[in-house]
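The values are calculated or read from the model by the stated rules, or taken from the named source; none is laboratory data. Bear in mind that the values here come from a model prediction, so they are computed numbers and not experimental data. With ideal geometry, Cβ positions are generated from the backbone for all residues, glycine too; neighbour counts draw on all protein chains shown. Note: accessible area is taken over every heavy atom of the protein model, side chains too, but ligands, DNA and RNA are not part of it. Shrake-Rupley method; radii C 1.70, N 1.55, O 1.52, S 1.80 Å.
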2 protein chains.
Amino acid sequence: MKPLLLALLTVLPASAALAADPEVPYPEGYRHWHHVKSMVIEQGHPLFDAFGGIHHLYANATALEGYKAGRFADGAVIVFDRLDAQHAGNAVTEGARKDVAVMLKDAQKFAATGGWGFEAYAGGDPARPVVGANAATACYACHTSEKAHDYVFSRTRD
Amino acid sequence: MKPLLLALLTVLPASAALAADPEVPYPEGYRHWHHVKSMVIEQGHPLFDAFGGIHHLYANATALEGYKAGRFADGAVIVFDRLDAQHAGNAVTEGARKDVAVMLKDAQKFAATGGWGFEAYAGGDPARPVVGANAATACYACHTSEKAHDYVFSRTRD
(Lines give C-alpha, C1' and ligand atoms only; values in the text may rest on other atoms or scores of the structure.)
Protein backbone atom coordinates (compact mmCIF):
# COMPACT_ATOMS: atom_id res chain seq x y z
CA MET A 1 0.00 0.00 0.00
CA LYS A 2 1.22 3.52 -0.87
CA PRO A 3 2.04 5.94 1.94
CA LEU A 4 -0.83 8.39 2.42
CA LEU A 5 1.03 11.48 1.15
CA LEU A 6 2.13 9.75 -2.03
CA ALA A 7 -1.39 8.52 -2.60
CA LEU A 8 -2.75 12.04 -2.19
CA LEU A 9 -0.18 13.47 -4.57
CA THR A 10 -1.22 10.90 -7.13
CA VAL A 11 -4.89 11.77 -7.12
CA LEU A 12 -5.07 15.45 -6.21
CA PRO A 13 -4.12 18.42 -8.35
CA ALA A 14 -0.92 20.17 -7.28
CA SER A 15 -2.80 23.13 -5.86
CA ALA A 16 -4.73 21.00 -3.43
CA ALA A 17 -2.07 18.52 -2.40
CA LEU A 18 0.22 20.54 -0.21
CA ALA A 19 -1.53 23.68 1.00
CA ALA A 20 -4.88 25.16 1.78
CA ASP A 21 -6.12 27.75 -0.71
CA PRO A 22 -3.86 30.79 -0.42
CA GLU A 23 -5.29 33.78 1.43
CA VAL A 24 -4.40 35.99 -1.52
CA PRO A 25 -5.77 34.18 -4.55
CA TYR A 26 -4.25 34.18 -8.01
CA PRO A 27 -5.52 37.34 -9.75
CA GLU A 28 -7.62 35.88 -12.54
CA GLY A 29 -7.93 38.21 -15.51
CA TYR A 30 -5.27 40.68 -14.38
CA ARG A 31 -3.77 40.83 -17.88
CA HIS A 32 -6.82 42.88 -18.88
CA TRP A 33 -6.48 45.30 -15.96
CA HIS A 34 -5.04 48.79 -16.13
CA HIS A 35 -1.30 48.78 -16.87
CA VAL A 36 0.16 51.17 -14.29
CA LYS A 37 3.86 51.28 -15.22
CA SER A 38 6.90 49.14 -16.00
CA MET A 39 10.58 48.91 -15.07
CA VAL A 40 13.66 46.84 -15.87
CA ILE A 41 15.91 45.74 -12.99
CA GLU A 42 19.34 44.70 -14.24
CA GLN A 43 22.33 42.83 -12.92
CA GLY A 44 24.15 44.92 -10.29
CA HIS A 45 20.92 46.37 -8.88
CA PRO A 46 20.58 45.62 -5.16
CA LEU A 47 17.22 43.94 -5.79
CA PHE A 48 18.35 41.93 -8.80
CA ASP A 49 18.26 38.55 -7.07
CA ALA A 50 14.69 39.05 -5.91
CA PHE A 51 13.25 41.19 -8.70
CA GLY A 52 15.61 41.11 -11.70
CA GLY A 53 13.95 41.26 -15.11
CA ILE A 54 11.24 43.41 -16.63
CA HIS A 55 8.16 43.92 -14.51
CA HIS A 56 4.76 45.41 -15.20
CA LEU A 57 2.31 46.63 -12.59
CA TYR A 58 -1.42 46.14 -13.07
CA ALA A 59 -4.26 47.51 -10.96
CA ASN A 60 -7.87 46.45 -10.69
CA ALA A 61 -10.50 49.22 -10.71
CA THR A 62 -10.46 49.60 -6.92
CA ALA A 63 -6.67 49.82 -6.84
CA LEU A 64 -6.65 52.39 -9.64
CA GLU A 65 -8.86 54.62 -7.50
CA GLY A 66 -6.49 54.00 -4.63
CA TYR A 67 -3.49 55.26 -6.59
CA LYS A 68 -5.38 58.49 -7.20
CA ALA A 69 -6.48 58.85 -3.59
CA GLY A 70 -3.22 57.73 -1.98
CA ARG A 71 -5.22 55.26 0.15
CA PHE A 72 -6.53 51.91 -1.06
CA ALA A 73 -9.99 50.52 -0.26
CA ASP A 74 -10.69 46.89 0.61
CA GLY A 75 -10.74 44.83 -2.55
CA ALA A 76 -7.89 46.70 -4.20
CA VAL A 77 -5.52 44.33 -5.99
CA ILE A 78 -2.12 45.23 -7.42
CA VAL A 79 -0.17 42.76 -9.54
CA PHE A 80 3.61 42.80 -10.06
CA ASP A 81 4.11 40.68 -13.20
CA ARG A 82 7.77 39.78 -13.70
CA LEU A 83 9.26 38.44 -16.92
CA ASP A 84 12.78 37.53 -17.88
CA ALA A 85 14.55 40.48 -19.55
CA GLN A 86 16.45 39.34 -22.61
CA HIS A 87 19.26 41.66 -23.66
CA ALA A 88 20.35 41.26 -27.29
CA GLY A 89 21.06 43.55 -30.24
CA ASN A 90 20.79 46.72 -28.16
CA ALA A 91 17.26 45.90 -27.14
CA VAL A 92 15.53 44.43 -24.11
CA THR A 93 12.69 42.07 -24.88
CA GLU A 94 10.36 40.06 -22.69
CA GLY A 95 11.11 36.41 -21.95
CA ALA A 96 9.41 33.79 -19.83
CA ARG A 97 7.35 34.75 -16.80
CA LYS A 98 9.25 34.55 -13.52
CA ASP A 99 6.43 35.18 -11.09
CA VAL A 100 3.16 36.98 -10.50
CA ALA A 101 3.22 38.80 -7.17
CA VAL A 102 -0.03 40.09 -5.68
CA MET A 103 -1.14 42.57 -3.03
CA LEU A 104 -4.76 42.37 -1.85
CA LYS A 105 -6.22 44.99 0.49
CA ASP A 106 -8.39 43.81 3.36
CA ALA A 107 -7.76 46.13 6.28
CA GLN A 108 -9.21 43.79 8.89
CA LYS A 109 -8.03 40.41 7.66
CA PHE A 110 -4.48 41.58 7.04
CA ALA A 111 -4.22 44.11 9.87
CA ALA A 112 -0.85 42.70 10.94
CA THR A 113 0.72 43.58 7.58
CA GLY A 114 -0.60 47.07 6.93
CA GLY A 115 -3.98 45.87 5.71
CA TRP A 116 -2.44 44.09 2.75
CA GLY A 117 -2.19 40.40 1.99
CA PHE A 118 0.82 39.33 -0.07
CA GLU A 119 1.38 36.30 -2.28
CA ALA A 120 3.50 35.39 -5.29
CA TYR A 121 2.94 32.65 -7.82
CA ALA A 122 6.10 31.07 -9.23
CA GLY A 123 6.12 31.11 -13.02
CA GLY A 124 2.68 32.69 -12.90
CA ASP A 125 1.27 29.28 -11.98
CA PRO A 126 -1.83 29.52 -9.76
CA ALA A 127 -0.83 26.18 -8.25
CA ARG A 128 2.55 27.44 -7.01
CA PRO A 129 2.11 30.11 -4.31
CA VAL A 130 5.48 30.72 -2.63
CA VAL A 131 4.85 33.28 0.12
CA GLY A 132 2.17 31.76 2.32
CA ALA A 133 2.73 32.50 6.02
CA ASN A 134 5.98 34.39 5.32
CA ALA A 135 4.35 37.61 4.10
CA ALA A 136 5.45 39.67 7.11
CA THR A 137 9.14 39.05 6.55
CA ALA A 138 9.22 38.30 2.83
CA CYS A 139 7.08 41.27 1.70
CA TYR A 140 5.71 43.60 4.34
CA ALA A 141 9.09 44.32 5.99
CA CYS A 142 10.21 46.28 2.91
CA HIS A 143 6.79 47.80 2.20
CA THR A 144 6.74 49.49 5.60
CA SER A 145 9.03 52.16 4.10
CA GLU A 146 6.01 53.26 2.03
CA LYS A 147 3.63 53.60 4.96
CA ALA A 148 2.79 57.18 3.91
CA HIS A 149 1.53 55.83 0.56
CA ASP A 150 -0.46 52.99 2.14
CA TYR A 151 2.53 50.60 1.75
CA VAL A 152 2.53 50.77 -2.06
CA PHE A 153 5.82 51.55 -3.84
CA SER A 154 4.48 52.29 -7.31
CA ARG A 155 2.83 55.47 -8.49
CA THR A 156 0.59 55.93 -11.50
CA ARG A 157 1.63 58.00 -14.48
CA ASP A 158 -0.31 59.19 -17.52
CA MET B 1 -3.03 94.69 -40.02
CA LYS B 2 -1.70 91.24 -39.20
CA PRO B 3 -1.09 88.80 -42.04
CA LEU B 4 -3.93 86.29 -42.26
CA LEU B 5 -1.94 83.25 -41.07
CA LEU B 6 -0.64 85.05 -38.02
CA ALA B 7 -4.12 86.24 -37.22
CA LEU B 8 -5.44 82.70 -37.47
CA LEU B 9 -2.70 81.33 -35.24
CA THR B 10 -3.60 83.94 -32.66
CA VAL B 11 -7.24 83.01 -32.36
CA LEU B 12 -7.43 79.31 -33.20
CA PRO B 13 -6.29 76.37 -31.04
CA ALA B 14 -3.17 74.65 -32.35
CA SER B 15 -5.12 71.62 -33.50
CA ALA B 16 -7.31 73.65 -35.84
CA ALA B 17 -4.82 76.15 -37.16
CA LEU B 18 -2.69 74.13 -39.51
CA ALA B 19 -4.44 70.90 -40.43
CA ALA B 20 -7.80 69.27 -40.84
CA ASP B 21 -8.67 66.63 -38.25
CA PRO B 22 -6.30 63.69 -38.73
CA GLU B 23 -7.72 60.61 -40.46
CA VAL B 24 -6.47 58.48 -37.58
CA PRO B 25 -7.71 60.19 -34.44
CA TYR B 26 -5.94 60.31 -31.11
CA PRO B 27 -6.86 57.06 -29.29
CA GLU B 28 -8.81 58.43 -26.33
CA GLY B 29 -8.77 56.06 -23.36
CA TYR B 30 -6.05 53.75 -24.70
CA ARG B 31 -4.27 53.68 -21.32
CA HIS B 32 -7.10 51.47 -20.09
CA TRP B 33 -6.86 49.08 -23.03
CA HIS B 34 -5.22 45.68 -22.98
CA HIS B 35 -1.44 45.89 -22.54
CA VAL B 36 -0.05 43.59 -25.22
CA LYS B 37 3.71 43.72 -24.59
CA SER B 38 6.68 46.02 -24.04
CA MET B 39 10.26 46.45 -25.27
CA VAL B 40 13.25 48.71 -24.71
CA ILE B 41 15.20 49.94 -27.77
CA GLU B 42 18.65 51.19 -26.79
CA GLN B 43 21.41 53.24 -28.36
CA GLY B 44 23.12 51.26 -31.10
CA HIS B 45 19.89 49.59 -32.23
CA PRO B 46 19.21 50.31 -35.94
CA LEU B 47 15.82 51.80 -35.03
CA PHE B 48 17.08 53.88 -32.11
CA ASP B 49 16.65 57.24 -33.83
CA ALA B 50 13.03 56.53 -34.70
CA PHE B 51 11.95 54.30 -31.82
CA GLY B 52 14.52 54.52 -29.02
CA GLY B 53 13.14 54.30 -25.50
CA ILE B 54 10.71 52.00 -23.76
CA HIS B 55 7.50 51.30 -25.62
CA HIS B 56 4.27 49.61 -24.67
CA LEU B 57 1.69 48.24 -27.08
CA TYR B 58 -2.00 48.52 -26.29
CA ALA B 59 -4.91 46.97 -28.21
CA ASN B 60 -8.60 47.83 -28.18
CA ALA B 61 -11.04 44.91 -27.95
CA THR B 62 -11.28 44.52 -31.74
CA ALA B 63 -7.51 44.53 -32.12
CA LEU B 64 -7.11 41.96 -29.34
CA GLU B 65 -9.38 39.60 -31.29
CA GLY B 66 -7.24 40.36 -34.33
CA TYR B 67 -4.05 39.29 -32.62
CA LYS B 68 -5.66 35.93 -31.86
CA ALA B 69 -7.03 35.51 -35.39
CA GLY B 70 -3.99 36.83 -37.23
CA ARG B 71 -6.30 39.18 -39.20
CA PHE B 72 -7.69 42.44 -37.89
CA ALA B 73 -11.26 43.62 -38.42
CA ASP B 74 -12.26 47.20 -39.23
CA GLY B 75 -12.17 49.27 -36.07
CA ALA B 76 -9.10 47.57 -34.66
CA VAL B 77 -6.74 50.08 -33.06
CA ILE B 78 -3.19 49.37 -31.90
CA VAL B 79 -1.24 51.97 -29.93
CA PHE B 80 2.56 52.13 -29.70
CA ASP B 81 3.18 54.28 -26.62
CA ARG B 82 6.80 55.40 -26.41
CA LEU B 83 8.47 56.84 -23.30
CA ASP B 84 11.99 57.97 -22.64
CA ALA B 85 14.06 55.14 -21.11
CA GLN B 86 16.11 56.40 -18.21
CA HIS B 87 19.15 54.25 -17.38
CA ALA B 88 20.47 54.71 -13.85
CA GLY B 89 21.57 52.48 -10.97
CA ASN B 90 21.32 49.30 -13.02
CA ALA B 91 17.67 49.91 -13.77
CA VAL B 92 15.62 51.25 -16.64
CA THR B 93 12.73 53.45 -15.65
CA GLU B 94 10.10 55.32 -17.64
CA GLY B 95 10.58 58.99 -18.44
CA ALA B 96 8.57 61.51 -20.40
CA ARG B 97 6.33 60.40 -23.27
CA LYS B 98 7.97 60.72 -26.68
CA ASP B 99 5.00 59.91 -28.88
CA VAL B 100 1.82 57.93 -29.21
CA ALA B 101 1.72 56.09 -32.55
CA VAL B 102 -1.55 54.62 -33.78
CA MET B 103 -2.72 52.07 -36.34
CA LEU B 104 -6.43 52.06 -37.22
CA LYS B 105 -7.90 49.34 -39.44
CA ASP B 106 -10.35 50.40 -42.14
CA ALA B 107 -9.81 48.12 -45.11
CA GLN B 108 -11.60 50.37 -47.60
CA LYS B 109 -10.52 53.81 -46.44
CA PHE B 110 -6.86 52.85 -46.12
CA ALA B 111 -6.68 50.33 -48.97
CA ALA B 112 -3.49 51.94 -50.28
CA THR B 113 -1.63 51.15 -47.05
CA GLY B 114 -2.69 47.58 -46.32
CA GLY B 115 -6.03 48.59 -44.86
CA TRP B 116 -4.36 50.47 -42.01
CA GLY B 117 -4.28 54.16 -41.28
CA PHE B 118 -1.19 55.41 -39.44
CA GLU B 119 -0.64 58.47 -37.27
CA ALA B 120 1.67 59.52 -34.45
CA TYR B 121 1.14 62.24 -31.87
CA ALA B 122 4.29 64.01 -30.70
CA GLY B 123 4.62 63.96 -26.93
CA GLY B 124 1.26 62.20 -26.79
CA ASP B 125 -0.40 65.51 -27.59
CA PRO B 126 -3.66 65.11 -29.56
CA ALA B 127 -2.94 68.52 -31.13
CA ARG B 128 0.38 67.43 -32.65
CA PRO B 129 -0.10 64.73 -35.30
CA VAL B 130 3.15 64.31 -37.24
CA VAL B 131 2.47 61.69 -39.94
CA GLY B 132 -0.46 63.04 -41.93
CA ALA B 133 -0.15 62.34 -45.66
CA ASN B 134 3.26 60.65 -45.22
CA ALA B 135 1.92 57.33 -43.87
CA ALA B 136 2.89 55.33 -46.96
CA THR B 137 6.58 56.16 -46.70
CA ALA B 138 6.89 56.93 -42.98
CA CYS B 139 5.03 53.85 -41.69
CA TYR B 140 3.59 51.43 -44.22
CA ALA B 141 6.86 50.89 -46.13
CA CYS B 142 8.32 49.00 -43.16
CA HIS B 143 5.06 47.31 -42.17
CA THR B 144 4.85 45.58 -45.58
CA SER B 145 7.39 43.07 -44.26
CA GLU B 146 4.62 41.82 -41.95
CA LYS B 147 2.03 41.30 -44.69
CA ALA B 148 1.49 37.68 -43.58
CA HIS B 149 0.43 38.98 -40.14
CA ASP B 150 -1.83 41.69 -41.55
CA TYR B 151 1.02 44.26 -41.41
CA VAL B 152 1.33 44.10 -37.62
CA PHE B 153 4.77 43.51 -36.08
CA SER B 154 3.76 42.71 -32.52
CA ARG B 155 2.39 39.44 -31.22
CA THR B 156 0.43 38.86 -28.05
CA ARG B 157 1.82 36.86 -25.16
CA ASP B 158 0.22 35.56 -22.00
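In the full protein assembly as shown, how much of A:T62 is accessible to a 1.4 Å probe, in Å² to the nearest 10?
The accessible area of A:T62 comes to roughly 50 Å².
Once you wrap a convex hull around the alpha carbon atoms of the protein assembly as shown, what is its projected area averaged over all directions, in nm²?
Values: hull surface 89.6 nm².
Quarter of the Cα hull surface area: 22.4 nm².
Nm distances between the label at B:Q86 and the same-position labels in the remaining copies, 7 Å along Cα→Cβ, shortest first?
The projected label point of B:Q86 is separated from its counterparts by 2.9 nm.
Using alpha-carbon positions, what is the distance between the centroids of segment B:24-67 and segment A:65-141, in Å?
24 Å
Springs between alpha-carbon pairs under 10 angstrom, Gaussian network model over chain B: which of B:Q86, B:Q108, B:Q43 fluctuates most?
B:Q43
Between copies, how close do the B:P25 label points come, placed 7 Å along Cα→Cβ, listed in nm from shortest?
Once sorted, the set of distances for B:P25 reads 3.8 nm.
Who wins for biggest fluctuation among B:R82, B:R31, B:R97 in a Gaussian network model of chain B, springs between alpha carbons below 10 Å?
Largest GNM mean-square fluctuation: B:R31.
Given a 1.4 Å probe and no ligands, DNA or RNA in the count, how much accessible surface is buried by A and B, both sides, to the nearest 100 Å²?
2300 Å²
FRET efficiency for B:D158 and A:E28, Cβ-Cβ distance as r, R0 = 22 Å, nearest 0.05?
Details: r = 13 Å, r/R0 = 0.59.
Result of the calculation: an efficiency of 0.95.
Roll a 1.4 angstrom probe over the protein heavy atoms and tell me the percent of accessible area of the protein assembly as shown that is carbon or sulfur.
58 percent
Kindly give the distances from A:A50 to its copy-mates, label point to label point, with each label point 7 Å from Cα along Cα→Cβ, as nm values to one decimal ordered shortest first.
Shortest to longest, the spacings are 4.2 nm.
Any chance you could check segment B:144-158 for residues losing 10 Å² or more of accessible area when the partner protein chains are in, compared with the chain on its own (1.4 Å probe)?
Hits at the 10 Å² cut-off: B:R157, B:D158.
Rolling a 1.4 angstrom probe over the protein heavy atoms, how many square angstrom per residue are accessible across chain A?
On a per-residue basis, 52 Å².
Please find, among residues of chain A, the one with the beta carbon closest to the rotation axis relating it to chain B, distance in whole Å.
A:H35, 2
Any idea which of A:G114, A:C139, A:I78 is furthest toward the positive side of the dipole for segment A:76-158, if Lys and Arg beta-carbons carry +1 and Asp and Glu beta-carbons -1?
A:G114
How many Lys pairs in chain A lie less than 19 angstrom apart by Cα atoms, where the lysines are 8 or more positions apart or on different chains?
6
What's the average, rounded to a whole number, of partner chain beta-carbon atoms within 10 Å of each residue's beta-carbon in B:28-40?
5
Which of these, B:A69, B:A135, B:A50, has the largest mean-square fluctuation under a Gaussian network model of chain B (Cα springs below 10 Å)?
B:A50
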